[in-house]
Amino acid sequence: MFSNIPFFKKNNDNKNVSHSTEDKYKGHLYERLQEDYRIKEGLKACMNCGVCTAVCPAAEFYKYNPKNIVNIVQRKDEDELEQLLKSDTIWYCGECMSCVTRCPRANAPGLVIMALRKLSMQTGYYMESEKGRQQYVLVKDLCSNILNHGYCVYPRNFGYEEHKEYGTVGKWINENLDDVHQRMGSNLDGDGPGGLRKIPQESLDQLKKIFDITGATELMNKVINDAHLQAKKENLSDEDYFKKVYTTNNSSKHLNNG
Amino acid sequence: MIVEGKQKIWADYQKDIPDDHYFYVRSCIRQSFFPGSEVTFLDITRNKLGKDFYESAYHTTCGGIAYHSDSIPQETAMTIIARQFALMHESGYENYVCSCITSFGCYTETLETWHEFPELEAKIRQYLWDSCKKEFAKPKYLAHASDIIYKFRHEIARQAKYKLINAKTGEPLKVVEHIGCHYSKMFPSKGFGGAEYPHVLVGMVEAWGGEVIDYPERRQCCGFGFRQYLIQANRGYSISNTHKKFESMEPYEPDLIITNCPGCPYFLDRWQYVIAEQTGKTYGKNGYGIPALTYEEVAGLVMGYNPWDLGLQMHQVAIEPLLDKMGIEYDPKAKYKGINGKDLGTPINPINIKLQ
């Protein structure tokens with residue numbers, strides 16, 4: 001999606017990160033979920049009315065039913081939970097949080113999904129689904145943008161070839177990026193305040209320390225290492241594996257009308 | 001209708017917004033794709049309204065897109081936010097205003113979660129100290145930048161050069177408003193009008209002479225869905241949701257879409273281009289699309305800013321039909337020029353949707 005970022009090259013052979021599904025989680029999935037504040041906030045007492053599913057943009061197109069997911073969590077069945085964490089299902093949500101507004105019991109199925117996704121990544125179960133494996137692309141691109149530039153989106157890394165919907169105007173913008181941003185009054189890669197300014201190194205260093213202390217670096221290294229090992233297994237370079245994950249779409253498996 | 005009852009209900013959806021002195025933080029998406037909007041916002045607030053909006057060079061992303069793409073833990077996102085609050089505190093400000101709806105949702109979620117779980121706030125305080133040697137104070141007031149424009153919408157109307165009115169017929173323009181999911185779907189009390197009667201954009205449209213369209217999929221998501229757009233394989237989700245909205249609004253023949261969130265105008269603009277090129281269908285008249293603008297761009301148009309200073313040339317859907325309807329004067333030849341008229345070439349004309 002975005003250009004190659006040197007920052008990650010050094011992490012690819014990190015042998016200290018476990019790839020395999022970690023046994024410490026087996027049989028304790030519900031217990032681990034309860035540690036997540038999004039579960040504490042997002043799941044009080046679901047009465048299975050299904051309003052979340054009715055309003056859900058993902059449920060209209062994907063084989064996705066947030067009510068059923070909340071049911072599985074409420075049942076506390078470890079085998080069912082394990083299957084859920086290994087499935088594509090939890091990755092269909094767009095986190096628009098439309099479900100939150102409509103739930104008559106003030107639950108937040110969208111937050112439950114976020115907690116499930118985190119646990120799926122921690123356990124390594126996410127590597128067993130096509131949509132779960134996409135976390136490699138997201139983690140690699142978004143975290144590198146944050147750590148290298150201080151932004152989630154950085155226009156020099158937003159390539160037209162990977163975003164053709166950016167249109168003929170987007171292509172023109174990218175071909176004239178500095179001139180267009182100068183015309184618009186941006187401070188692209190400049191010093192001082194302003195749009196798209198270069199974030200001072202001191203601030204980038206602080207973001208890196210925040211990542212290290214709060215668990216983002218550990219998660220990032222795990223996901224990148226998991227992908228590296230999977231690429232090896234498939235006889236692919238990391239770059240080719242990245243492209244495969246970014247573009248693979250077995251839509252008949254995912255879509256309601258598939 | 002019992003008016004007092006209605007007023008009582010409506011009172012729950014109002015916010016008191018401080019008049020002045022804000023610590024301003026930018027949006028990753030808005031500054032990348034609609035940079036003229038942030039420039040215009042600061043020009044309106046500072047120079048047209050005479051307000052104090054301060055920006056620190058040291059502020060960064062809030063991490064919201066990574067958080068909602070499940071790429072960083074909640075604690076990481078909260079500590080980045082705590083660092084932003086520390087910068088506000090160090091700069092001597094108490095009112096915090098952000099330029100992004102995803103950020104607004106993340107800030108609100110963070111403050112609400114800390115309120116409910118003080119031990120988590122204490123943990124984040126420690127994380128911030130350990131990582132940055134900083135201490136934060138929570139904002140006395142948290143606003144989204146559109147809240148400010150809403151608050152001063154009548155003052156902007158007083159300074160306006162144009163109205164959201166068809167200059168030839170005198171009829172109000174028909175406007176679709178799209179407030180963006182994370183403005184008030186998660187925490188309805190934090191947005192003007194809540195999730196049931198969202199008024200932040202309605203108030204602007206009505207104050208500037210337009211007429212808001214009510215259509216069935218008015219509250220439907222634009223289709224961003226974070227990972228559902230950022231991963232190429234998932235983009236069918238994104239365009240399908242946008243398509244659903246356009247099919248629903250089409251019979252009402254909108255002249256304009258006004259948006260709150262920085263991502264929504266990108267999707268509502270670019271997916272129209274893709275739908276047109278894939279199917280031949282356009283949602284405006286005579287082969288044009290429906291312009292999807294940011295609220296800053298709409299405010300700038302009514303105040304008489306040059307459309308190319310606002311950045312309307314960065315949209316794929318042609319803006320000219322709207323400018324003509326409003327009677328706005330513009331130089332068509334200047335549309336794609338750089339500073340001092342530098343020739344930057346022109347974008348290629350798509351096959352099915354008109355560019356100018």
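Counted over the range B:152-341 with a bin width of 5 Å, the fraction of Cα pairs per bin, in whole percents, is 1, 8, 16, 20, 21, 16, 11, 5, 2, 0. Computed across the range A:78-127, the Kirkwood hydrodynamic radius from all distinct Cα-Cα pairs reaches 11.5 Å.
Inter-chain Cβ neighbour count for B:62-69, averaged per residue, equals 6 (cutoff 10 Å, partner chain atoms only). Pairs of lysine residues in the range B:1-146 that meet both criteria, 8 or more places apart or on different chains and Cα atoms under 27 Å apart, total 13. Rounded is the label for the protein assembly as shown. Its Cα gyration tensor axes, ordered a ≥ b ≥ c, give a/c under 1.5. The calculated FRET efficiency for B:D324 paired with B:I348, based on their beta-carbon distance and R0 = 30 Å, is about 0.80. In the structure displayed, which of A:K24/A:K76; A:K209/B:K185; A:K63/A:K131 lie more than 22 Å apart, Cα to Cα? In this structure, A:K209/B:K185 exceed 22 Å between Cα atoms. Bin width 10 Å, alpha-carbon pairs only: give the P(r) of chain B as whole percents, running from 0 to the bin holding the largest distance. Computed distribution, short to long bins: 5, 24, 33, 25, 11, 2, 0.
Relative contact order for chain B: 17 percent, from Cα pairs under 8 Å spaced at least 6 residues apart, divided by residue count. Report the relative contact order of the range A:18-133, percent, no decimals, based on alpha-carbon pairs under 8 angstrom and at least 6 residues apart. Rounded, it is 36 percent for the range A:18-133. Of the trypsin sites (Lys or Arg not before Pro) found in the range B:267-318, those that fall in a DSSP loop while having at most 13 other beta-carbon atoms within 10 Å are B:K285.
Short-range pairs are left out: with C-alpha atoms under 8 Å and at least six residues apart, the relative contact order of the range B:152-341 is 25 percent.
Every Cα-Cα pair of the range A:16-121 was included, and the share exceeding 22 Å stands at 26 percent. Working from label points 7 Å from Cα in the Cα-to-Cβ sense, the A:R156 to A:E234 distance is 3.0 nm. Each Lys or Arg adds one and each Asp or Glu subtracts one; over the other residues with Cβ under 11 Å from the Cβ of B:H21, this totals -2. Approximating the spin labels as points 7 Å out from Cα along Cα→Cβ, the A:K24-to-B:K140 distance works out to 4.6 nm. Electrostatic tally near B:A157: other residues with Cβ closer than 14 Å to its Cβ, Lys and Arg +1, Asp and Glu -1, net +4. Applying 1/(1 + (r/R0)^6) with r as the Cβ-Cβ distance of B:D331 and A:I72 and R0 = 41 angstrom yields a FRET efficiency of 0.10.
Since every read-out is calculated from the coordinates, none of them should be taken as a lab result. Given the structure is predicted, the values throughout are model-derived calculations rather than measurements. Heads up, the Cβs are rebuilt from the backbone with ideal geometry, glycines too, and the neighbour counts pull from every protein chain shown.
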